[in-house]
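Data first, discussion second: the structure below is written as structure tokens.
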Amino acid sequence: MAFEGLAERLQGSIKKMRGKGKVAEQDVKEMMREVRLALLEADVNFKVVKKFVSDVKERAVGQDILDSLTPGQQVIKIVNEELTKLMGGEQSKIATAQKPPTVVMMVGLQGAGKTTTTGKLALHLRKKHNRSPLMVAADIYRPAAIKQLETLGKQLDMPVFSLGDQVSPVEIAKQAIAKAKEEHHDYVIIDTAGRLHVDENLMGELDEIKEVVSPDEILLVVDAMTGQDAVNVAQNFNERLGITGVVLTKLDGDTRGGAAISVKAVTNTPIKFAGMGEKSDALEPFHPERMASRILGMGDVLSLIEKAESSVDEERARELERKMRTNELTFDDFLEQLAQVRSMGPLDELLNMMPGAGKMKGLKNIQVDEKQIVHIEAIVKSMTKAEREEPSLLNGSRKRRIAKGSGTSVPEVNRLVKQFDEMKKMMKQMSGMQKGKKKGGMKL
Ligand code: GDP
């Protein structure tokens, strides 16, 4: 998971601050020394780090903070706010032209994820914004790019405009827009060619396309795994072409996160989306505030709730929420929840969004794979109705019977019972947080 190293180090230095009843200027300095090292190690641009540290220090050593009732938390709050600001502050949304179609040019180096992101963005626009995009195959140089986009189009049932690789990209783009108008597509997403490095030919060609299509949005796709390089590429493209936003791909990998933190500060262009995997639905709007909270280990509760909301039947969710509150969760609910969690995405990714979830060792070890779900299902189905509803009934002989009935073992049954308890704890924590949210934001 991205940011693991950074998150761990920042959280380490933050822990020392949390709950401090008295904070001296020296404590803030000490903490900021650690934060500075952590950021540099995460490959954040050194100028950005310097400014960040000095901004936080300036705010944090003020007498009103040091003399406040909860100075430790105040300092953490400042770090959180400044980190959010660094990554762009408010969420920056994709443009919508006054007069459709909105034209989006996807640019970037080869392998950054342009073609994949073109598909993801089209799907996002259709699914979340009810739009009807046209994808345009204008990368005539990379041999497989056109085919790749066409295949994506088929998979997603999304129209692709292509004229093969013998027509110039400028001409392709021009005709694509005419076609989009004719067929009433409200977004045109042009997948342009990349190169291995920024070069003048490429920029010249992109410039020509830009002249002809007057894009509403030029999105630069950069690979987060390349760290500082991603920032340099962004700077180059921005100076030469003028980009309107960045899509940071491969944030699901174990990048150190530096790019996410420095891109906005260095190029003054917002990160609009983050690519979180190879699949077409693995694209998330980039929320600076949530990302900062995630990095600082305060959890990304809002994203988690949103994910849950989009995959949960509302009535059922209310019923579950009631059960969580009253601690009535049964093994049947557990089974259902596991299936649900599985449909939300990889479990460790979800856990990373939860504050303090790293501490729940039992949960971390749940491998939600098909085989295990089958085992879990078998175990639960071998329980009597009473046992499913009242796990405390499960004594040694009952467990032996269940293990035998499900073709598993007593340790497996025990493991499930333990995981069930952890899940209950997690649910309780989550429902508590949701209540906190309603009351006006999470407490730090
Ligand atoms: P292009 O040359 O810029 O068009 O790059 P592609 O779209 O062909 O992507 C290059 C590789 O990166 C492919 O193997 C993609 O599956 C992969 N990729 C793209 N975005 C992501 C992402 O967000 N996460 C991960 N893990 N892989 C990605």
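Other residues within the sphere of radius under 15 Å centred on the Cβ of Arg398, judged by their own Cβ, net out at +3 (K and R +1, D and E -1). Note on Lys425/Ala24: beta-carbon distance plugged into 1/(1 + (r/R0)^6) with R0 of 22 Å gives a FRET efficiency of 0.05.
When His129, His184, His375, His287 are arranged by Cβ crowding within 10 Å, least crowded first, meaning fewest neighbours, the order is His184, His129, His375, His287.
Across segment 106-122, rounded Karplus estimates of 3J(HN,Hα) from the backbone phi angles (6.51 cos²θ - 1.76 cosθ + 1.60, θ = phi - 60°) give 9, 10, x, 6, 4, x, 5, x, 4, 5, 4, 5, 4, x, 4, 5, 4 Hz, Gly and Pro being marked x. Exceeding 18 Å between C-alpha atoms, which entries from my cross-link table qualify? They are Lys127/Lys181; Lys250/Lys279; Lys114/Lys179; Lys99/Lys120. Too far apart for the 18 Å limit: Lys127/Lys181; Lys114/Lys179; Lys99/Lys120. Ignoring aspartates and glutamates fewer than eight residues from Lys93 along the same chain, the ones with Cα atoms less than 18 angstrom from its Cα are Asp186, Asp216, Glu217, Asp281, Glu284, Glu289, Glu306. Straight-line cross-link reach from Lys29 at under 14 Å between alpha-carbon atoms covers these aspartates and glutamates, not counting any fewer than eight positions away in the same chain: Asp55, Glu58. Our estimate of slack between Glu389 and His197, defined as 0.36 nm per intervening residue step minus the Cα-Cα distance, is 63.0 nm. From least to most packed, judged by other beta carbons within 10 angstrom and beginning with the fewest, Tyr187, Tyr141 follow the order Tyr141, Tyr187. For segment 212-286, the relative contact order is 30 percent, taking Cα pairs closer than 8 Å that sit 6 or more residues apart in sequence and dividing their mean separation by the residue count. Listed from fewest to most Cβ neighbours within 10 Å, the set Arg33, Arg195 follows the order Arg33, Arg195.
Within straight-line reach of Lys404, meaning a Cα separation under 15 Å, sit the following aspartates and glutamates at least 8 residues removed in sequence or on another chain: Glu377, Glu412. Short-range pairs are left out: with C-alpha atoms under 8 Å and at least six residues apart, the relative contact order of segment 15-103 is 37 percent.
No value in this document is a laboratory result; all are computed from the given coordinates. Model, not experiment: these values are computed from the prediction. Please note: Cβ atoms are built from the backbone with ideal geometry, for glycine as well, and neighbour counts cover all protein chains shown.
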